Structure formats: structure tokens, C-alpha cells
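Please treat every number below as a calculation from the coordinates, not as lab data. The structure presented is a predicted model; accordingly, all values stated were derived computationally and were not measured. In this analysis, Cβ positions are derived from the backbone assuming ideal geometry, glycine residues included, and neighbour counts consider all displayed protein chains.
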Amino acid sequence: MKMQAAPTTVEIRLVVNGAERRMSVEPNVTLLDALRDRLHLTGTKKGCDQGACGACTVLVNGRRVNACLTLAVMHDGDEIATIEGLGSVDNLHPLQAAFLKHDGYQCGYCTPGQIMSAAGLLREKRDLTRESVREQMSGNICRCGAYPNIVDAILDVAGANDKA
Amino acid sequence: MKPFAYARARNIEDAVGLLRDNPHAMCIAGGTTVVDLLKEGVFQPDLLVDVSRVAQDAIAVFDDRIEFGALARMNDVADHAQVAAAFPAVAQALAASASPQLRNMATIGGNLLQRTRCVYFRDLLTPCNKRVRGSGCSAIGGWNRQHAVLGTSDHCIAAHPSDLAVALVAFDAHVQIAGAGAARAVLLTDFYSEPGETPDVENTLAHDEVITGVVLPRSAAAGHSAYLKLRDRASFEFALVSVAAGLSIADGLIAHARIGLGGVATKPWRAYDAEGALIGQPANERTFKAAAEAALAGARGYGHNDFKIPLAQRAVERVLTSLVAPT
């Protein structure tokens, strides 16, 4: 049983995009704020900050989650994947290339969350259809309404995966 | 978020001990309700007990039942082939819950303990008997389109938000509980309480107790069941009305019937009167209509939510009809 007598900071170790990151956080710091404000990984966006929009989607140990609804202190030792680790300008991840090809955004604010959510989805399900992608991506809101193109981009990559 | 201390429980005994020693402690597992309500200021614990690493997430299949650990994630149960085969309504209720991200985080135990989506419960500037006993109910006479029509009182009309719990109460699930004393199991229907004069008390879980699992007994009606969820958008939305129903039919007559209602009641609602209207009757439109009327017989609308009464009746009829439709 480990217990702090009073609110204080806790030492944690995260493995973010493959790199070990140690930090000292107050228990009330969300994983989202730790990524953005402590590690300066601002690719992960804060939209609603209450789990309704999906802009903060990251992978924790390979599963997509809302980083705004979990506390950094709960993730000691966990592997976190953010948009910064997915690809680079010179070497785009297939989902990033597909979002470009299909114009899967307008303002781009929700895009990191859309792409990380899609990356999680491609690990979870196979044999995706237009209908099932729409259902499985319902945790990610696009205020610009780029949904048809987002679905096209994901189906493009999913089809390539199925053939592989 | 108000500052709080943090402790990680290694096992159930650890969690129970931390709760017992700290009257202002609370558990966190998936975090999807707790972090949300910490931000809103609705929850203001001194100590957060993190149970997310406790090994209590197994899904165990037996000849007569399926058991889920309290820390099984919603998606893990929703995607379990034997759950979908033996309890279609349970798998469908889970798949219709929240979003994929939230289902990856949220646990079965946490789902059963999630708090109402009543806007006044979440708003510290308005009276709410569920948040502060005796402060008043802002929903009665206020904006109550989302609220309950069954099990209400003059003190609270907040609807219970869980889909999963509706399917579980319909099929006689028990919830397993551990605490300082002996472990106990409670029929889920009896675990929850109606608001009455104490809407802040929602269930029989003591401060120093935790849910450890759910036991779901197999039955013919559970094996032939379905979940219908009606909501304002097609996905990622709480229910306005939901129905979990199961039937078994022998010699042309209904032998067993199970009906649970969601979105319309202050607790996951078991519609025993509707089941009584089905047993021994032929499975036809007239029987289903009578059952639907029985299910909502005691309902009371509060203005904006009056529409839920006829909507729920039609939903009951529709699910029952789907269960006997040729496939």
C-alpha cells in the first residue's frame, strides 16, 4: 500500500513514441495536459476536455483512449503513442498519406485525433465497411464535416491492410 | 480539479483498506466518469484510490453462467464471442454504449456505478438533491427532456444512464461485492435504489466496499434477446429510451420473458408487470401491445419528457416483434 499523506507530486515514467520520459506530476494532471504542457507534444489536441470530441485520442499500450479523461499518474510504465510518433513529413504513415489524398479535413484541428483513432481502429477490427467505419469513428467529431473524406481515407488504408 | 492525494491499490484488500481509512477517498478505474466529474467539481475527494492495475478483469465462461471481472473493459466484453452468443442483448447494449475510445477505457464495475447525465447534477450553481441532499430538484419544473418517467420522486427525476445495466437487470445478473466483511453477491435489480427522499444514495455499496465482478446466469430468454436503443443521434449518445428483451416460446406460447428499460427510469428498470403480461400468451401483436402498456403503466411525465412514455411503449413492442420475426 503506497499512500501520500498530502497532495504532492508523483514520479512517473512514460514511454512516449518509444522514448522513455520521466516526470513529476501532481495527481490531478490529465495525460493530455502532461503530453502537451510537460512534454510539449502539442500534436494531441484539447477540444472539449470531457471525452465527447476525440481530439485528444492517443494509443495507450496500443489501444485508443481519450487522453483528457485519464490521469497521467495512472500511466506509470505505459506506452503512449501520439501523432508525433506516427510518421514524419518525409515519411508519412499510410493514414496520414490517405488523409492528404482524400482531403480528410478542413481546419485540421481534429485531424491528429481522427488519425490516432483510425490507427486504433485498424488494430481492433478487420473487414471494415463504410457503415462500420462511421460507427467505429463516432468518438471523433469533425466540426468542419469532413466525414465522407475521412471514411474514404480509412477505407483506403483498411483495404490495403486486408490485402497485405 | 481540486488537489487530491493518489494511491495505487495492488489488490482488492488494499483498495478496501484505503477506502476504510479515508472517509473522503474514492476509487478510480477507467476514469471516464470520475475524471469528468472531478473537473466539474462534482467529485472532490481527498484521496483517489487507483484500482486500474488490480488483476480483476477476467471473463470466465461456465456451463450455467458467464462471469466478468469488475475491471474488464467494456469493449473486451462487447467483443467476446460467447457473450454475444449467450447474451445478445448484453453485447448489443455494450456496443451501443459511448464511443470506441471510452469503451476501451471504461470498466464493467465503473459502468454500473456511473452517475446520471442530469445537467443539474453536473452544474454546481443549481440545486440538486442528488449532489447536495435537501438542496432541491432543478429538473422538476426545469429542463427535463432527458429525465425519467419511472421510479421518480418529488426529490429527483434523474435518469440512470447505463445501457449495460439495463440488459444485466433484465437477465438476473448478480453483482459481486468485497469489503471489510464477508464478500457478498446481490441481484443487480436490488443493488440499485430509487431516489425516494435520498437521491444521493443510488445503491447498496458501502463506502469501504468495491464491486469485484458480475455473474450472468444463462437462460433461454437471455439466449434469444435483443437491445434497442433510441437516441438523438445514431451513435455516441445516451438513450432517450432503451429496451432489453428476451423471450422463449414453447408450443406457440411464451414460456419465459425478460424486459429491462433504460433512459426512462431512475434506476435500470426491470419491467416485471410487462413480463407477467407475456407469460403463457401467444406471441402476437396484441400480446406485445398489452405488455408495452403494462411496462409503462406507472409512468409519469414531467413536461419535456412526456414523449418518452409512448416512445417506450412502441420500443417494447418493436423489440418483442423483432424477437419473433422470421429471419
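Some observations on this one:
- Computed over chain B with a Gaussian network model linking Cα atoms closer than 10 Å, the most mobile of B:196, B:181, B:280 is B:181.
- Which of B:173, B:87, B:136, positive extreme of dipole for segment B:75-221 (C-beta unit charges): B:136
- Expressed per residue, the C-alpha convex hull volume of segment B:91-174 stands at 128 Å³.
- Note on chain B: dipole from Cβ charges, positive end direction compared against B:157, B:74, B:28; the farthest Cα belongs to B:157.
- Length-normalised contact order of chain B in % [C-alpha pairs under 8 Å, at least 6 apart]: 17 percent
- In degrees, nearest ten, helix A:111-124 long axis to first principal axis of chain A (Cα): 80 degrees
- The fewest-to-most ranking of B:174, B:155 by surrounding Cβ atoms within 10 Å reads B:155, B:174.
- Placed amide H near residue A:16: partners under 5 Å, 5+ positions off or other chain: A:21, A:80
- Note on segment B:270-321: dipole from Cβ charges, positive end direction compared against B:278, B:298, B:311; the farthest Cα belongs to B:311.
- Within segment B:238-259: backbone nitrogen closer than 20 Å to the residue B:322 label point (7 Å, Cα to C-beta): B:238-249, B:256-259
- Residue with peak Gaussian network fluctuation, chain B [Cα springs, cutoff 10 Å], from B:76, B:36, B:232: B:232
- Only the Cβ atoms of Lys and Arg (+1) and of Asp and Glu (-1) were treated as charged; on that basis the dipole of segment A:12-84 about its Cα centre amounts to roughly 140 debye.
- Dimensions in Å of segment B:86-241 - Rg and Dmax from alpha carbons: 16.2, 49
- Charge dipole magnitude, Cβ of K and R +1, D and E -1 - segment B:1-128, Cα centre, debye nearest 20: 380 debye
- Order of B:153, B:97 under a 10 Å beta carbon neighbour criterion, fewest first: B:153, B:97
- Over the protein assembly as shown - Rg/Rh using Cα atoms and the Kirkwood inverse-distance radius: 0.97
- Where labels lie 7 Å past Cα in the beta-carbon direction, separation of residue A:21 and residue B:183 in nm: 3.9 nm
- Highest-MSF residue in chain B out of B:197, B:209, B:317 [GNM, Cα springs under 10 Å]: B:197
- For the pair segment A:43-100 / segment B:116-178, the C-alpha centres are spaced 33 Å from each other.
- As a calculated quantity, the FRET efficiency between residue B:24 and residue B:135 at R0 = 25 Å, using C-beta atoms, amounts to about 0.80.
- Relative intensity of segment B:220-320 on a log10 scale, I(q)/I(0) at q = 0.12, 0.19 Å⁻¹, equals -0.36, -0.86, per a Debye sum over C-alpha point scatterers of equal strength in the absence of solvent.
- Phi to ³J(HN,Hα) by Karplus 6.51 cos²θ - 1.76 cosθ + 1.60 over segment B:140-155, Hz, x for Gly, Pro: 6, x, x, 7, 10, 4, 7, 8, 7, 10, 10, x, 7, 9, 5, 10
- Spacing of the modelled spin labels on residue B:124 and residue B:193, each 7 Å from Cα toward Cβ, amounts to 2.6 nm.
- Evaluated at q = 0.08, 0.12, 0.14 Å⁻¹, a Debye calculation over the C-alpha positions of chain A (equal weights, vacuum) places log10 I(q)/I(0) at -0.25, -0.53, -0.70.
- In angstrom, the C-alpha Rg and Dmax of segment A:10-85 are 10.9, 30.
- Cα-Cα over 22 Å, subset of B:267/B:289; B:229/B:267; A:46/B:39: B:267/B:289
- Dipole magnitude for segment B:5-50: about 60 debye, using +1 per Lys or Arg Cβ and -1 per Asp or Glu Cβ, origin at the Cα centre.
- Ratio of the Cα radius of gyration of chain B to 2.2 N^0.38 Å, where N counts its residues: 0.98
- Where N is the number of residues in segment A:94-163, Cα Rg divided by 2.2 N^0.38 Å: 0.97
- Pairwise FRET efficiency - residue B:285 versus residue A:126, Cβ, R0 = 51 Å, nearest 0.05: 0.80
- Ranking of A:65, B:132, B:214 by neighbouring Cβ atoms within 10 Å, starting from the fewest: B:132, B:214, A:65.
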